[in-house]
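Notes for the one structure printed next.
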Amino acid sequence: MLARLRLEDGESDDVVEKLSRIVDFVDQLQAAPTDDVLPMAHPLNMSQRLRADEVTEIDQRDFVQENAPSTEGGYYLVPKVIE
Amino acid sequence: MAGKDQALHMRTLASLTRGLAAGEFSSRELTEALLARIESHQPALNAFITITAELALLQADRADKVRAAGNAGPLNGLPIVHKDLFCTQGVLTTCGSRILDNFVSPYDAAVVERVAAAGAVMLGKTNMDEFAMGSSNETSYFGPVANPWDKKLSPGGSSGGSAAAVAARLVPAATGTDTGGSIRQPAALTGTTGIKPTYGRVSRYGMVAFASSLDQAGVITRSAEDAAMLLGVMAGHDGRDSTSVDHPVPDYGAALGKSVKGLKVGVVRQHFDEGLDDECAARVKDALKTLEDAGAELVDVDLPNIGLSVPTYYVVAPAECSSNLSRFDGVRFGHRAEDPEDLLDLYCRSRGEGFGAEVKRRVMTGTYVLSAGYYDAYYLKAQKVRQLISQDFKNAFERVDVIAGPTAPTTAFAIGEKTDDPITMYLNDIYTIGANLAGLPGISIPCGFAAGLPVGLQLVGPHFAEATLLASAHQYQQMTDWHLEAPGDFE
């Protein structure tokens, strides 16, 4: 549910079995001594670059929305959310 | 090396560009010849998801005109194919997934843009594991790719279509991406040359994201010389990718002449432990001997934590993938389920129908390791072990210039052989994942055959050592002919 995935009835046994094998496999990390180790955030320890706060994109809404399953007046349509 | 008499499809980029410059043939003739070859082998190999014949002929005619006007760029008129996770404007970009099976990209990826600006002609988009998650090309919604060396076998993955197309002499060069070995492993399994550059060397703009701290674009070719030519065009800073590095791009072609004399080559003991096929080990050792005979110095190095690289990867990569793939929700683009009951049903069914089994497994694994209560135990722990692995490489590169070893534990395996157990499949990338975790460049080159199938030698270097890797690979290819061997049905 958290992953927003619906599984078919036939799928779930296989998924559970394979996921538990994966979790068992990655559990071997627990044995590694990492007390004074800093978690790695970036392969090159780079800092983020900043750019000037200027508009760099052009308006392509209609073009981009050609890929959308359902739109109206420039909005994306989804099933009714508020009753 | 390749002469005038050689068939066009057997020639490398370097040889073809000389032929085009000398007026032996036009880009249109070359493009037509290769398109015909692609069409005729597509049913047996399935290396392509889309063949862009019409567009290719337009680009070829333009390249011929540009050349006639004296303005030929470095790749003018040369054929190339792109892995189907690079966005291509006006052309289907599926990532091997049902969820994008109708997605026509509104823009070009930086890689696509750069090679096109250099004059290259795109012949099509290659098949791949779904969202690059796989090591055999079997997770593609568009079906598996056959290995040109034996069509019952997998070409590896995830850039399996790119590797198969280059190995089968359908095209001299292809782009790929490598998150855990997805360029180098298929290159090894198909007898081609594949380089994954340093993280940040090539822009990821327009490359559909899988695991953003690991993904990097590279190339698959038939020689290190060609890889240098193509990478030189692709590499360089791009403001549209915040992780792209502003670091000068050396002239890779000019660096190829550097001899391996005095090159310190690290050999990692752990790479030759159990799990490596004996025949593959023997071929890799022969290659090390060849380098040593040419004046390289072999040095034993230790990477004490490298054994944890696969489990580390299978926490970090799924975590990043679960976050990246949340954009596929059936709302703005891609597959949408029919008649959803409500918004939640729309999300869950669009994703449930759109993603294949391996992608779902990784999204769920990632969601699990990032969830409250498990975050410290899995994700944070894995990022700490990643630091240790990275430090091991740093220590090793204080003593050696490159690290050499096998690319993959075995030669190509049968389609269907490893699909039942995800762990067995994951272990294919045991020698390649370390470079991704540490952001290092790596190259795989053919170094012989085991039972008639190609074996790959991997060289890994420090950050931004692409020139050293390409030069060492080129020097090795001057001393050996393994990279010239073509699969029997495709000469």
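The values are calculated or read from the model by the stated rules, or taken from the named source; none is laboratory data. This is a predicted model, so every value here is computed, not measured. Please note: Cβ atoms are built from the backbone with ideal geometry, for glycine as well, and neighbour counts cover all protein chains shown. Heavy atoms of the whole protein, side chains included, go into the accessibility calculation; ligands, DNA and RNA do not. Shrake-Rupley method; radii C 1.70, N 1.55, O 1.52, S 1.80 Å.
Taken as a whole, the condition of being assigned to a strand (DSSP E or B) and over 30 Å from residue A:52 (Cα atoms) does not apply to residue B:230. Could you list, in sequence order, all residues of segment B:389-404 that are surrounded by 21 or more Cβ atoms within 10 Å (Cβ to Cβ) and within 11 Å of another protein chain (Cβ to nearest Cβ)? Scanning segment B:389-404 gives B:389, B:393.
This table checks each residue for (1) surrounded by fewer than 16 Cβ atoms within 10 Å (Cβ to Cβ); (2) under 15 Å from residue B:214 (Cα atoms); (3) without any contact (Cβ under 8 Å) to a residue 12 or more places away in the chain; (4) in contact with a Phe, Trp or Tyr (Cβ under 8 Å, 6 or more places away or on another chain).
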{"site": "B:316", "(1), (2), (3), (4)": "no, yes, no, yes"}
{"site": "B:319", "(1), (2), (3), (4)": "no, yes, no, yes"}
{"site": "B:339", "(1), (2), (3), (4)": "yes, no, yes, no"}
{"site": "B:367", "(1), (2), (3), (4)": "no, no, no, no"}
{"site": "B:380", "(1), (2), (3), (4)": "yes, no, yes, no"}
{"site": "B:384", "(1), (2), (3), (4)": "no, no, yes, no"}
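Applying the set (1) part of a loop (DSSP other than H, G, I, E, B); (2) open to solvent by less than 40 Å² (accessible area, probe 1.4 Å) to residue B:419 leaves exactly one unmet item: (2). Of all residues in segment B:268-314, those satisfying the criterion of being touching a Leu at 6+ places or on another chain (Cβ under 7 Å), open to solvent by 20 Å² or more (accessible area, probe 1.4 Å) and aliphatic (A, V, I, L, M) are B:298, B:308. Of the residues making up segment B:61-105, those that are open to solvent by 10 Å² or more (accessible area, probe 1.4 Å), more than 30 Å from residue B:329 (Cβ to Cβ) and in a helix (DSSP H, G or I) are B:61, B:62, B:64, B:65, B:66, B:67, B:68. Per this entry, residue B:257 is not counted among residues that are surrounded by fewer than 22 Cβ atoms within 10 Å (Cβ to Cβ) and under 22 Å from the mean Cα position of the chain (by Cα). If you go through segment B:187-220 and pick out every residue that is in contact (Cβ under 8 Å) with a residue 60 or more places away in the chain, more than 14 Å from chain A (Cβ to nearest Cβ), among the aliphatic types (A, V, I, L, M) and buried (at least 24 other Cβ atoms within 10 Å of the Cβ), you end up with 7. Quick check on residue B:35: is it of a type in the set (A, V, I, L, M, F, W, C), more than 19 Å from residue B:112 (Cβ to Cβ), touching a residue at least 24 places away in the same chain (Cβ under 8 Å) and buried (at least 17 other Cβ atoms within 10 Å of the Cβ)? For residue B:35, the condition - of a type in the set (A, V, I, L, M, F, W, C), more than 19 Å from residue B:112 (Cβ to Cβ), touching a residue at least 24 places away in the same chain (Cβ under 8 Å) and buried (at least 17 other Cβ atoms within 10 Å of the Cβ) - is not met. If the condition is being out of contact with any helix residue (DSSP H, G or I) (no Cβ under 8 Å at 6 or more places or on another chain) and not in a loop (DSSP other than H, G, I, E, B), then segment B:321-351 contributes B:324, B:326, B:327, B:343, B:344, B:345, B:346, B:347, B:348, B:349.
Once segment A:5-40 is narrowed to residues that are modelled with pLDDT under 90, open to solvent by 90 Å² or more (accessible area, probe 1.4 Å) and not in a helix (DSSP H, G or I), the residue that is farthest from the other protein chains (Cβ to nearest Cβ) is A:9. Of the helices (runs of 4 or more DSSP H) lying entirely inside segment B:422-491, those containing at least 2 residues that are out of contact with any His (no Cβ under 6 Å at 6 or more places or on another chain), open to solvent by 20 Å² or more (accessible area, probe 1.4 Å) and within 17 Å of residue B:288 (Cβ to Cβ) span B:466-479. Of the set (1) crowded, with 24+ Cβ neighbours inside 10 Å; (2) in contact with a helix residue (DSSP H, G or I) (Cβ under 7 Å, 6 or more places away or on another chain); (3) under 23 Å from residue B:333 (Cα atoms), all apply to residue B:141 but (1). Scoring residue B:244 on the criteria (1) of a type outside the set (Val, Ile, Thr); (2) more than 25 Å from residue B:97 (Cβ to Cβ); (3) open to solvent by 10 Å² or more (accessible area, probe 1.4 Å); (4) outside any helix (DSSP H, G or I) leaves a single failure, condition (3). Scanning segment B:324-338 for residues that are farther than 17 Å from residue B:85 by Cβ and more than 9 Å from chain A (Cβ to nearest Cβ) yields one hit, B:338.
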